[in-house]
Amino acid sequence: MKNILLLKRIRKQAITWIVLPAVIGLGWVYPPVGFLLLVCMVGAVGMSFFSGRSWCDWMCPRGAFYDVFFQKFNQGKTVPKWLRSNKLRTFMVGLIITVLGTQLYFAWGDLHGMGMAFVRLLTITTAVGIILGLTVHSRGWCHICPMGTLASWFGKGKKPLYINSEKCTNCGLCTKACPMGLVPNFDENGQLTDPDCIKCGSCVVTCNRKVLSFDYPINDIKKSA
Ligand code: SF4
Ligand code: SF4
């Protein structure tokens, strides 16, 4: 069961990651291709209202790219606090909106110029993500990605992960399995408090004790309210 679920995710990501180098490569030849970046932006933020950061699981080509190529280098590593700080993340949201907005403003009406604004942004941020992926954490970029941050703000509490904490042995397998490098913390209702969960289910299928689930109540957890 575990292998089937993880295999399905790997298969999906093996297709989606290709979109990233394809859009960057084609974009430098034919800039309007860069408008495809809007699909990712709308997808990540749009889905967050219903299911949190689930777009970031396998649908985002960039997230899939980092999992496929860098996860093996830092499996089980957690993400440093500085990369998850609200100040840095808010700064990144403001920076990208300002940079992209300014470029679009000056290129307004010119399809190639506007497309190039997206291509340039995608190229530079992917390079930053690769450096972070090799040195800090495979999904390091996903903690400062403006779309990921917006999705975590808008999607807080959507499709939450639950734990039956009475049966958890704190073995740490879920932390090792998490592609986002999260250290799961749960509230008194057994609900994961971290809005950066991408709902991948890796921890759910890895847990030997089967104490994690996206269904509530899980096992003998009862709603306290
Ligand atoms: S955080 Fe950004 S780059 Fe990472 S998976 Fe989500 S939308 Fe893609
Ligand atoms: S906490 Fe579990 S479901 Fe959420 S991102 Fe980590 S491994 Fe995936």
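The values are calculated or read from the model by the stated rules, or taken from the named source; none is laboratory data. Please read all numbers here as calculations on a predicted model, not as lab measurements. Cβ coordinates were reconstructed from backbone atoms using ideal geometry, including for glycine residues, and neighbour counts include every protein chain displayed. To get the accessible areas, we keep the full protein, side chains included, count just its heavy atoms, and leave off ligands, DNA and RNA. Shrake-Rupley method; radii C 1.70, N 1.55, O 1.52, S 1.80 Å.
Can you name the residue in region 164-194 that is open to solvent by 40 Å² or more (accessible area, probe 1.4 Å) and touching a residue at least 40 places away in the same chain (Cβ under 8 Å) and, of all such residues, is nearest to ligand 1 (Cβ to nearest atom)? Even if it seems obvious, please write down each step before you answer.
First, the residues of region 164-194 that are open to solvent by 40 Å² or more (accessible area, probe 1.4 Å): 165-171, 173, 176, 183, 185-189, 191, 193.
Imposing the further condition that a residue be touching a residue at least 40 places away in the same chain (Cβ under 8 Å) reduces the set to 165-169, 176, 183.
Details: Ser165: 28, Glu166: 33, Lys167: 31, Cys168: 27, Thr169: 31, Lys176: 20, Val183: 18 Å.
Selected residue: Val183.
A count restricted to region 107-149 and to residues that are open to solvent by less than 10 Å² (accessible area, probe 1.4 Å), part of a helix (DSSP H, G or I) and either touching a His at 6+ places or on another chain (Cβ under 9 Å) or small (Gly, Ala, Ser) (or both) stands at 7. Hey, Gly101 hits all of (1) over 16 Å from the mean Cα position of the chain (by Cα); (2) surrounded by 14 or more Cβ atoms within 10 Å (Cβ to Cβ) but one; which does it fall short on? The failed condition is (2).
Just wondering, is there one or more residues in region 156-163 that are in a loop (DSSP other than H, G, I, E, B), within 12 Å of ligand 2 (Cβ to nearest atom) and open to solvent by less than 10 Å² (accessible area, probe 1.4 Å)?
Narrowing region 156-163 to residues in a loop (DSSP other than H, G, I, E, B): 156-161.
Narrowing the set further to residues that are within 12 Å of ligand 2 (Cβ to nearest atom) leaves 159-161.
So of that shortlist, the ones also open to solvent by less than 10 Å² (accessible area, probe 1.4 Å) come out as 161.
There is at least one residue in region 156-163 that is in a loop (DSSP other than H, G, I, E, B), within 12 Å of ligand 2 (Cβ to nearest atom) and open to solvent by less than 10 Å² (accessible area, probe 1.4 Å).
Inclusion of Gly27 among residues that are surrounded by 14 or more Cβ atoms within 10 Å (Cβ to Cβ), small (Gly, Ala, Ser) and part of a helix (DSSP H, G or I) is warranted.
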